[in-house]
């Protein structure tokens, strides 16, 4: 299992909602367009495939940032507390 | 020098612009509320301090995700190409 931060910038409201709903199945919504997810290799491939089918590649952007254990331990959160409660929960 | 992904979720438009302008001095704007920055320890402390002075801690959220060399090499960008041109450039 690997930890990832997935950020997205989607031009269209409908597509953005679809991307949000897709990511919700894999991890925690920590900011407006940021999820923290924990993925097996199979999950990664499946999630990537689903997102590619939902975005318009010339207008939208999705980025996967891997977070190894060391990087993950260094995360710093300023401001509003975010409860990392697990898959599917919205914590805003 | 360390690489970081800085994501932010700012409730107020004016504050959001201030956070954007602050981050622009340190790195590259890759998505609506995501910057990639390269920071010395001093830069990190200074940037953190500036952001804390600009956000409302109960409403806004800023997260620093460190990216070690290995994590950085694994970044995957789907969709719109982002030119990582360097400090201060907006590439949307």
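The values are calculated or read from the model by the stated rules, or taken from the named source; none is laboratory data. Keep in mind it's a predicted model, so treat the numbers as computed, not measured. So basically every Cβ, Gly included, is an ideal-geometry build from the backbone, and we count neighbours across all protein chains shown.
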Legend entry - Filter result (without any contact (Cβ under 8 Å) to a residue 24 or more places away in the chain and more than 10 Å from every other protein chain (Cβ to nearest Cβ)) within the stretch A:42-58: A:42, A:43, A:45, A:46, A:49, A:53
Legend entry - Options B:29, B:49, B:3, B:56: the member that is surrounded by fewer than 16 Cβ atoms within 10 Å (Cβ to Cβ) and either in contact with a strand residue (DSSP E or B) (Cβ under 6 Å, 6 or more places away or on another chain) or assigned to a loop (DSSP other than H, G, I, E, B) (or both): B:56
Legend entry - Leading residue by the ranking (nearest to residue B:49 (Cα to Cα)) among those in the stretch A:59-80 that are in a helix (DSSP H, G or I) and at the interface with chain B (Cβ under 7 Å from one of its Cβ atoms): A:71
Inset, instruction - Scan the stretch B:3-32 for residues that are within 12 Å of another protein chain (Cβ to nearest Cβ), closer than 16 Å to residue B:59 by Cα and touching a helix residue (DSSP H, G or I) at 6+ places or on another chain (Cβ under 8 Å) and report the count. - result: 4
Inset, instruction - Please indicate, with yes or no, whether at least one residue in the stretch B:34-41 is facing chain A (nearest Cβ under 7 Å), within 14 Å of the chain's Cα centre (by Cα) and modelled with pLDDT of 95 or more. - result: yes
